[in-house]
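**Q** What follows is a single structure, and I will ask about it in a moment.
The values are calculated or read from the model by the stated rules, or taken from the named source; none is laboratory data. As the structure is a prediction and not an experimental result, all values here were calculated from the model. Virtual Cβ from ideal backbone geometry, glycine too; neighbours counted across all protein chains shown. Heads up: the accessible areas ignore ligands, DNA and RNA and are worked out on the full protein's heavy atoms, side chains in. Shrake-Rupley method; radii C 1.70, N 1.55, O 1.52, S 1.80 Å.
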Amino acid sequence: MEINHSEIFPSICSVSNMGDYEQACEHFNWEDIERHFTWYETGKCNMAYEVIDRHVTEGRGEKVALLYSDPLREETFTFRQLRDRSNQFGNVLRKYGLSKGDRVFIFMPRSPELYICLLGILKIGAVVGPLFEAFMETAVKERLIDSGAVALITTSSLLGRVTRSELPDLKHVFLVGDTVEQQDSVIHYHDEMASASSDLELEWLDRDDGLIMHYTSGSTGKPKGVYHVQNAMIQQYYSAQIVLDLREDDIYWCTADPGWVTGTAYGIFAPWLSGVTNVVRGGRFSPQDWYATIDKYKVTVWYSAPTAYRMLMGAGEEILTNYKLSSLRHVLSVGEPLNPEVVRWGYKVYGQRIHDTWWMTETGAQMICNYPGMPIKPGSMGRPLPGIEATIKDDKGNTLPPYTMGNLAIKVGWPAMMNRIWNNKAKYEEYFRVPGWYISGDSAYMDDEGYFWFQGRVDDVINSSGERIGPFEVESKLLEHPAILEAGVIGKPDVIRGEIIKAFISLREGYEATPELKEEIVRFVKEGLSAHAAPREIEFKEKLPKTRSGKIMRRVLKAWELDLPTGDLSTIDD
Ligand code: 6R9
């Protein structure tokens, strides 16, 4: 049985025609989207029901929901199989006394069990907290303490990083996978699952009941627990339709780990709310394996991040001769500014325009995007989704005219907005210091056609000789130089100019870090962008510091440069 999306989106489906964009915005009504869900009538919801069970009830039970692979394992699950297994796990959790509102964390590498556990947690109305498997002891401890997690699901190889004696709230630890020795104080997932029933009475929830917590690192201080509620599903589903453009027979691959909000909102919820087949690949990044994944599963819609596209660009076009990517029909990006050079390269090499999408852990779903069919301006993150109002404000809350750099702000009232910062009301309120608006912390400008152009995090904007320069512009120009693989740009204090631009650069294979190359790069930016945007200092690095989600950590570059404390490093990639 098909889901008829165009019936649900009569006016919005034509957004792809830019002429209708204004009209779609004007006639937009979130309630039109809500009608898609059964809870529009019953009043009670559960995300796990909407992403899995519903498809079984509506006759799509035998459809493949999950195509899982990693270097050691390959497995396929239908919606029915995921429903049954997550029911089983829900029963296991209940057996140990877990229930609605409890925070249950997941700390393990990607595997089908991770997805089954996550769904099982949601089924009993508990709130799930996914952690990156790479977290070390302190990072795990901080998050479990702050959230007051009562249960944790992990593997025996990661168990050593869980300092249980320091976690008074943590009552149960579930171990997935083979265990070397019998551990007394843990519950063995596979033993429990073997005897658990696959019938489960779902916990029906209200739309403002808890769903998921993602910790994001603040630039200083401890990570913030961004808490989302069930209501997020409205916007996650809507954006899956108009931005991901998901259709009945798509094979969809989001490369993000569930430890990052992209890996849950768009690696689990959005695709399964739409009932499409979802590809999950475990293991590390490798250009060959990634292309092989697209080729093998005939991926049609691909959602990844600039850092990955840059790495693929660095790997060159030659390896592509071994793989067929002709199944791709829609490619998207999130997490960092998407450099125009990468967009051009994607078009040349994949024959696909990479669609940039902007949003944050706090926004819970996509906000400003490039939609299929809309003219793309490389370097712009696109236009707000119909239903979302975005603007640029100064520090006092005044709206700024087009082409003026300022705070990217969103009008309060979108469905996926975070519900709170766990245990930190003051932090939450800081985002809403301009009444009625959410202040994102990003710096951007809007052009006269309503496209938004990202400049940098507000803290990263450089002030040199009275000019405000966004690091992204300079980095994107640098990336056009054939020798440069990645670039991170910071402002370095300077007595005369206030700040000067310093660029950290990693080179592509075959290039040597010489003084001549530095000079050439400076000239390249001067001539291609402007004299005031050219870096006065360049330092070559083998690698740039990045988060697990692929963001260049400019604050770390700055801290290194100035010999300052680096702040929270728990999310840094090794
Ligand atoms: C989804 C996600 C949010 C921050 C955000 C911004 C940066 C994300 C971007 C982008 C430029 C884009 N960011 N998408 N910058 N263009 N398309 O990434 O959430 O990990 O919370 O990060 O990422 O600075 O404020 P999160």
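**Q** Tyr297: among the hydroxyl-bearing types (Ser, Thr, Tyr) and within 15 Å of the ligand (Cβ to nearest atom), yes or no?
**A** Spelling it out, it is not the case that Tyr297 is among the hydroxyl-bearing types (Ser, Thr, Tyr) and within 15 Å of the ligand (Cβ to nearest atom).
**Q** Moving on to the next point. Is it fair to say Ala409 is under 25 Å from Gln236 (Cα atoms), within 16 Å of the ligand (Cβ to nearest atom) and not in a strand (DSSP E or B)?
**A** Here the answer is no, as Ala409 does not meet what is asked.
**Q** Separate question: Within the bounds of segment 256-276, is there any residue that is outside any helix (DSSP H, G or I), touching a residue at least 60 places away in the same chain (Cβ under 8 Å) and over 17 Å from the mean Cα position of the chain (by Cα)?
**A** Yes; the residues of segment 256-276 include at least one that is outside any helix (DSSP H, G or I), touching a residue at least 60 places away in the same chain (Cβ under 8 Å) and over 17 Å from the mean Cα position of the chain (by Cα).
**Q** Let me ask something else about it. Among residues belonging to segment 211-227 that are open to solvent by 10 Å² or more (accessible area, probe 1.4 Å) and under 25 Å from Cys45 (Cα atoms), point out the one that is nearest to the chain's Cα centre (by Cα).
**A** Tyr215
**Q** Is segment 120-128 home to any residue that is part of a strand (DSSP E or B), open to solvent by less than 20 Å² (accessible area, probe 1.4 Å), closer than 24 Å to Arg80 by Cα and hydrophobic (A, V, I, L, M, F, W, C)? Steps first, answer last, please.
**A** Here is the first cut: in segment 120-128, the residues part of a strand (DSSP E or B) are 127-128.
Within this subset, residues satisfying the condition of being open to solvent by less than 20 Å² (accessible area, probe 1.4 Å) are 127-128.
The next check asks that each one be closer than 24 Å to Arg80 by Cα; those that pass are 127-128.
Then keep just the ones that are hydrophobic (A, V, I, L, M, F, W, C); that gives 127-128.
Checked against the condition, which is being part of a strand (DSSP E or B), open to solvent by less than 20 Å² (accessible area, probe 1.4 Å), closer than 24 Å to Arg80 by Cα and hydrophobic (A, V, I, L, M, F, W, C), segment 120-128 yields at least one hit.
**Q** So which of Leu338, Leu332 ends up being within 14 Å of the ligand (Cβ to nearest atom), modelled with pLDDT under 95 and not basic (Lys, Arg)?
**A** After applying the criteria, what remains is Leu338.
**Q** Quick check on Ala256: is it within 16 Å of the ligand (Cβ to nearest atom), in the same structural domain as Ser69 (by the TED database) and buried (at least 20 other Cβ atoms within 10 Å of the Cβ)?
**A** Taking the combined requirement at face value, the residue satisfies it.
**Q** Taking segment 329-359, which residues are crowded, with 19+ Cβ neighbours inside 10 Å and either free of Cβ contacts under 8 Å to residues at least 40 places away in the same chain or of a type in the set (A, V, I, L, M) (or both)?
**A** Of everything in segment 329-359, those that are crowded, with 19+ Cβ neighbours inside 10 Å and either free of Cβ contacts under 8 Å to residues at least 40 places away in the same chain or of a type in the set (A, V, I, L, M) (or both) turn out to be Val331, Leu332, Ser333, Val334, Leu338, Val342, Val343, Gly346, Arg353, Ile354, Asp356, Trp359.
**Q** Could you tell me whether segment 239-253 includes any residue that is in contact (Cβ under 8 Å) with a residue 60 or more places away in the chain, more than 28 Å from Trp39 (Cβ to Cβ), open to solvent by 10 Å² or more (accessible area, probe 1.4 Å) and out of contact with any strand residue (DSSP E or B) (no Cβ under 6 Å at 6 or more places or on another chain)?
**A** No, segment 239-253 contains no residue that is in contact (Cβ under 8 Å) with a residue 60 or more places away in the chain, more than 28 Å from Trp39 (Cβ to Cβ), open to solvent by 10 Å² or more (accessible area, probe 1.4 Å) and out of contact with any strand residue (DSSP E or B) (no Cβ under 6 Å at 6 or more places or on another chain).
**Q** A further question on this structure: Just checking, which of Leu144, Leu158, Leu167 is out of contact with any Asp or Glu (no Cβ under 9 Å at 6 or more places or on another chain) and either assigned by the TED database to the domain that holds Gly282 or surrounded by fewer than 19 Cβ atoms within 10 Å (Cβ to Cβ) (or both)? Let's see the steps before the verdict.
**A** On the way: Leu144 fails: out of contact with any Asp or Glu (no Cβ under 9 Å at 6 or more places or on another chain); Leu158 fails: out of contact with any Asp or Glu (no Cβ under 9 Å at 6 or more places or on another chain).
Result of the check over Leu144, Leu158, Leu167: Leu167.
**Q** Within segment 287-341, track down each residue that is assigned to a loop (DSSP other than H, G, I, E, B), of a type outside the set (Asp, Glu) and more than 23 Å from Gly259 (Cβ to Cβ).
**A** Here is the first cut: in segment 287-341, the residues assigned to a loop (DSSP other than H, G, I, E, B) are 298-300, 305, 316-317, 323-329, 334-339.
Going one step further and asking which of them are of a type outside the set (Asp, Glu), we end up with 298-300, 305, 316, 323-329, 334-335, 337-339.
Matches in segment 287-341: Lys298, Thr300, Gly316, Tyr323, Lys324, Leu325, Ser326, Ser327, Leu328, Arg329, Asn339.
**Q** Restricting the search to segment 366-410, which residues are among the small types (Gly, Ala, Ser) and either without any contact (Cβ under 8 Å) to a residue 40 or more places away in the chain or more than 23 Å from Glu473 (Cα to Cα) (or both)?
**A** Once the filter is applied, which keeps residues that are among the small types (Gly, Ala, Ser) and either without any contact (Cβ under 8 Å) to a residue 40 or more places away in the chain or more than 23 Å from Glu473 (Cα to Cα) (or both), segment 366-410 yields Gly373, Gly387, Gly397, Gly406, Ala409.
**Q** Of the residues Lys377, Lys396, which is within 16 Å of the ligand (Cβ to nearest atom), surrounded by fewer than 19 Cβ atoms within 10 Å (Cβ to Cβ) and not in a strand (DSSP E or B)?
**A** Answer to the selection: Lys377.
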